[in-house]
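Take a look at the structure set out below.
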Amino acid sequence: MTHDHHGPELLPTPAQTEAALNPPPGRNGGDLVVETLQSLGATTVFGLPGQHALGMFDALRRSDLRYVGLRVENNAGFAADAYGRVTGEAAPLLLSTGPGALTSLAALQEAAAASAPVLAISSQVPVAGLGGGRHGYLHELRDQKAAFRDVVKSVHTVRTASQIPSAVARAWQSALTAPHGPVWVEIPQDVLLAETLIPVVTGLDATPDEVFPRPELTAVAADLLSRAERPVIIAGGGVVRSDASGKLRALAEKLDAPVVTTFGGKGAFPWNHELSLQSWLEDRHTTDFLEDADVLLVVGSGLGELSSNYHTFRPRGRIVQIEADLGKLESNHPALGIHADARLALGALLETVRERGDTGAAERVRGVLAAVRERIAGQELDLEQSLLTTIRAALPDSSPSFWDMTILAYWAWSAFDARRPNTMHSAQGAGGLGYGFPAALGAAAADPSRPVLAVSGDGGAMYSIAELATARQYDLNVTWLIVDDGGYGILREYMTDTFGEATGTELSRPDFVALAESFGVPATLATPDTLGTTLTKSFGERGPSVVVLPAVLRMFAPTHL
């Protein structure tokens, strides 16, 4: 019995043979890294150099890769995270050993929580120091990869130059296989610096694996949805990442099923669609509505703390959960669990569900939204809502926005119309401070043709001040809105509500306008009345700018306590 193989062509062309027999002189392990990245399709890398990583960084000089260097490794990680989110491509992040590597951990945790494809490549101590030998090398850790193994999707340690292309390609494939996520590659200093006669890296294939749904499961799901009396859909970040918003809308309309988007799924469904419950997940009216569904389709969400109104959600109907992250499948609620990429599973459902008419669905949606508005209206929160309206009116529809962990961002999760998929991002996955501005820089590096908005509080802004130099150096098109309330506003509110007074929340801070201008970045002090015209002017001008808004904001009352 014979088999025909239709794999990649293994016989080299004459030109490839000549290049392989006579590789350019003066190349080292660092060149193999950048050649591999270029062969895989990378165009931009982020990072920060360090002593053990100099072989990689010197090789950048001999490559066509564009390097965007940030001032703190964690911020470089946030920039790579955003680049991966907005492009859907693996974002290379080049780091040094020990302290440099460890400083990126919080950013990689956010990338893991948000399923952002970041390809972190770190140097290591020389090969002799691998395996826990205590040689006293600079930056030495007993087991560097152990610090990352529980954070990233996969870890890859290189010990010889010949392992570099395959290790980087495997990591690339891992980062881009659904669910996307950060991966870790580490290469010893001496391997990066040693001259190599290995031919120039070309023709690598690291196509991500497709996560297909099992057809018997989608058949059962389609039957449940077709026969449901009150179907509802929860759309999570997996819908956005798999570019499945069109299929989601078609399925919702075929079923007449209301849709609520999670905070990570903002923009997955049109905000003002008659079936849109928007994103009011931290509201008991929405929670009650979801609990009343007889069939609840959850797509691309693990129904974690924020998406379940802090685990107060108690569904009474049948749940169908589509999730590419196997660990999240039925992790919070029993369901018909379908391990699959959201786009592939929605496509299968769309082909097999029967159309159902429900003239009352849109009316029920209007009733929920009216109840939410009435609840908020009774809390004297006009300033907070007007600020979101002002920002939405000023920000171009195609422009992405990046929100730090700050009160205005918490409002935006529920109340901001993202207008388009994959345009609103925050650090709500891991919840660390300092995300907004460096992430916006990464998005601006990905697409310099449109302005990008970053929103921070004054506390979170102090994590990222150094990156004003990065914004200016690369002339990145980011407007940074800093809402200055004199401290960690949300923590002040939490502590006051819980303990009667706050501790450690009040901050001495700089004159942000003067500080930005000292970096050569134009800055403006705004008021709620002038914010709209200030932002519009800022978005209309090229390069970075800062807008400072002194304001003390409040959150709407929670419904989960």
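The values are calculated or read from the model by the stated rules, or taken from the named source; none is laboratory data. Note that the structure is predicted; figures quoted are calculated from it, not measured. Backbone-built Cβ (ideal geometry, glycine too); neighbour counts: all protein chains shown. These area figures cover heavy atoms from the full protein model, side chains too; ligands, DNA and RNA do not enter into them. Shrake-Rupley method; radii C 1.70, N 1.55, O 1.52, S 1.80 Å.
How large, in percent, is the carbon and sulfur part of the accessible surface of the range 278-348 at a probe radius of 1.4 Å?
Values: 1140 of 2440 Å².
Carbon and sulfur atoms account for 47 percent of the accessible area of the range 278-348.
Would any residue of the range 148-166 have its amide N under 13 Å from a label point 7 Å out along Cα→Cβ of ASP209? List them or say none.
154
Filter the GluC sites (Glu not before Pro) in the range 204-258 to those in DSSP coil with at most 11 other Cβ atoms within 10 Å of their Cβ, and list the result.
GLU210, GLU229
Enumerate the whole-percent occupancy of each 10 Å bin, from 0 to the last occupied one, for all C-alpha pair distances of the chain.
Distribution as computed: 4, 17, 25, 24, 18, 9, 2, 0 percent.
How far apart, in nm, are two points set 7 Å out from the Cα along the Cα-to-Cβ line at ARG314 and at THR536?
Going from the ARG314 label point to the THR536 one covers 5.0 nm.
Could you check how much of the accessible area of the range 465-511 is carbon and sulfur, as a whole percent, using a 1.4 Å probe?
Details: 1170 of 2300 Å².
The nonpolar share, carbon plus sulfur, comes to 51 percent.
Would you work out the charge dipole size for the chain about its Cα centre, treating the Cβ of every Lys and Arg as +1 and the Cβ of every Asp and Glu as -1, and quote it to the nearest 20 debye? If you can, show how the numbers build up before the last one.
Details: 43 positive and 63 negative charges, 67 e Å.
For the chain, the charge dipole is close to 320 debye.
Which value in deg cm²/dmol, rounded to the nearest 500, describes the helix-derived mean residue ellipticity at 222 nm for the chain, given -39,500 (n - 2.57) per DSSP H run of n ≥ 4 and division by the residue count?
Details: 23 runs with 214 residues, N = 561.
For the chain, the value works out to -11000 deg cm²/dmol.
At a 10 angstrom cut-off on C-beta neighbours, averaged per residue, how do the peptides 119-125, 411-417 rank from highest to lowest?
Result, highest mean first: 119-125, 411-417.
At 1.4 Å probe radius, can you tell me the per residue accessible area of the chain in Å²?
The answer is 41 Å² per residue.
First compute the accessible area of the range 218-275 with a 1.4 Å probe, then give the percent of it belonging to carbon and sulfur atoms.
Summing carbon and sulfur atoms, their accessible area is 41 percent of the total for the range 218-275.
Over 28 Å between Cα atoms: which of LYS145/LYS328; LYS145/LYS247; LYS153/LYS266; LYS266/LYS537 fall into that group?
LYS145/LYS247
The range 128-201 to the range 487-561: how many Å between their Cα centroids?
Between the Cα centres of the range 128-201 and the range 487-561 lies a distance of 40 Å.
Pull up the DSSP beta bridges for the chain and report the antiparallel fraction as a percent, rounded to 5.
Values: 2 of 61 bridges.
Given both bridge residues lie in the chain, the antiparallel proportion sits at roughly 5 percent.
Work out, step by step, the length gained on full extension between ALA469 and GLN385: first 0.36 nm times the residue separation, then minus their alpha carbon distance; give nm to one decimal.
Values: separation 84, 0.36 × 84 = 30.24 nm, distance 3.25 nm.
Result: 27.0 nm gained on full extension.
Are there GluC sites (Glu not before Pro) in the range 315-395 that DSSP puts in a loop and that have at most 11 other Cβ atoms within 10 Å, and which ones?
Taking the range 315-395 and a limit of 11 other Cβ atoms within 10 Å, the loop GluC sites (Glu not before Pro) found are GLU355, GLU380.
Label the range 295-365 by shape, choosing from rounded, prolate and oblate, from the square roots a ≥ b ≥ c of the eigenvalues of the Cα gyration tensor; if a/c is under 1.5 it is rounded, and otherwise prolate applies when a/b is larger than b/c, oblate when it is not.
Values: a/c = 2.19, a/b = 1.16, b/c = 1.90.
Here the range 295-365 falls in the oblate category.
Probe radius 1.4 Å, ligands and nucleic acids left out: which of LYS266, LYS254, LYS153 has the largest accessible area, and how do the rest follow?
Working: LYS266 5, LYS254 50, LYS153 85 Å².
Sorted by accessible area, descending: LYS153, LYS254, LYS266.
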